[in-house]
Amino acid sequence: MSRKIHVEILDDAEAVGREAAARILAVVERKPEAVLGLATGSTPIPAYRELVKLAHERKVSFAGVKTFNLDEYLGLSGGHPQSYRQYMNKYLFAHLDIPLWQTALPDGAASDPEAECAAFEARIHAAGGVDLWLLGIGSNGHIGFNEPGAPRDCRTRVASLAPSTIEASAKDFGGAAGVPRQALTAGVATILEAREILLLATGAGKAPAVAAALEGPITPQLPASYLQAHPSCAFMLDRAAASKLVKP
Ligand code: PGA
């Protein structure tokens, strides 16, 4: 079976960052009012750094861009140092001319989280849908906090973190015990509605999940495998993350 997902293999994480930034910037150059889906985690940091640099060099304005982030920890307000809101402000928004009110993350401290999730979906819809959604992948194959078992049709909702995800986040919370157990996350269906998807993965720890997502069956046990059915999805990998592919 030929692979529908486009795969690009680059030397290292910095090269992935450069390529990803160029791809994102091209979207904004083509469409100054682009709607971008964004991700947090360690993987996109080089991409955001490069994006800021490129946007300044080429004088590309983000004043008309709207952004939607995948997820936020339940219980953390946007002012919490470990919130994804703080991450996004620090690594990206503070360095671009995008007004903060055009940047959306689910509010982890909302008094009614379910209503917050519904409002997040409505806001994406009102913006006309996402042009390009940037994703990472968990070592367990999650996208956003859609952990193994997440159904294809799930939408933005409160979801529980898998044990391996809690472990991966422990360093940010002074140990696993401090990691929130739940998060508000865009659903699989929410993500798949983006017109284009760009998944980044770097490091050998991601290699088994990347290989399963690209070469295994489409299964809820590995939510990134749902991307095989998307009409316009690309994976940008460094050599280490691509090292378990049978057909690189
Ligand atoms: P990471 O997280 O970039 O910190 O590895 C990715 C993810 O879990 O989606």
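The values are calculated or read from the model by the stated rules, or taken from the named source; none is laboratory data. It should be emphasised that the depicted structure is a prediction, and the values quoted were computed from it without experimental measurement. Reconstructed Cβ throughout: ideal geometry from the backbone, glycine too, with neighbour counts over all protein chains shown. Note: accessible area is taken over every heavy atom of the protein model, side chains too, but ligands, DNA and RNA are not part of it. Shrake-Rupley method; radii C 1.70, N 1.55, O 1.52, S 1.80 Å.
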* To do: Run down Ala201, Ala209, Ala189 and say which single residue is under 13 Å from Tyr226 (Cα atoms) and within 13 Å of the ligand (Cβ to nearest atom).
  => Ala209
* Asked: Among the numbered criteria (1) over 17 Å from the mean Cα position of the chain (by Cα); (2) modelled with pLDDT of 95 or more; (3) loosely packed, with under 15 Cβ neighbours inside 10 Å; (4) not in a helix (DSSP H, G or I), which single criterion is violated by Ala26?
  -> (4)
* Consider Val60 carefully, then state whether it is open to solvent by less than 30 Å² (accessible area, probe 1.4 Å), away from the ligand (no atom under 16 Å from the Cβ), closer than 20 Å to Ile191 by Cα and touching a residue at least 12 places away in the same chain (Cβ under 8 Å). => no
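Just the residues that are out of contact with any Ser or Thr (no Cβ under 8 Å at 6 or more places or on another chain) and under 14 Å from Thr185 (Cβ atoms), please, taken from region 106-136.
Ala110, Pro113, Glu114, Glu116, Trp133, Leu135, listed by residue number.
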* Which numbered condition Pro81 misses (of (1) more than 16 Å from the ligand (Cβ to nearest atom); (2) surrounded by 17 or more Cβ atoms within 10 Å (Cβ to Cβ)) -> (2)
* To do: Would you be able to say whether some residue in region 123-135 is open to solvent by 30 Å² or more (accessible area, probe 1.4 Å), away from the ligand (no atom under 16 Å from the Cβ), free of Cβ contacts under 8 Å to residues at least 24 places away in the same chain and on the phi < 0 side of the Ramachandran plot?
  => yes
* Of all the helices (runs of 4 or more DSSP H) wholly in region 137-229, which have at least 2 residues that are open to solvent by 30 Å² or more (accessible area, probe 1.4 Å), under 30 Å from Ala22 (Cβ atoms) and in contact (Cβ under 8 Å) with a residue 60 or more places away in the chain? -> 207-215
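This table checks each residue for (1) part of a loop (DSSP other than H, G, I, E, B); (2) open to solvent by less than 10 Å² (accessible area, probe 1.4 Å); (3) polar (S, T, N, Q); (4) within 16 Å of the ligand (Cβ to nearest atom).
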| residue | (1), (2), (3), (4) |
| --- | --- |
| Glu14 | no, no, no, yes |
| Ala20 | no, yes, no, yes |
| Pro32 | yes, no, no, no |
| Leu36 | no, yes, no, no |
| Thr40 | yes, no, yes, yes |
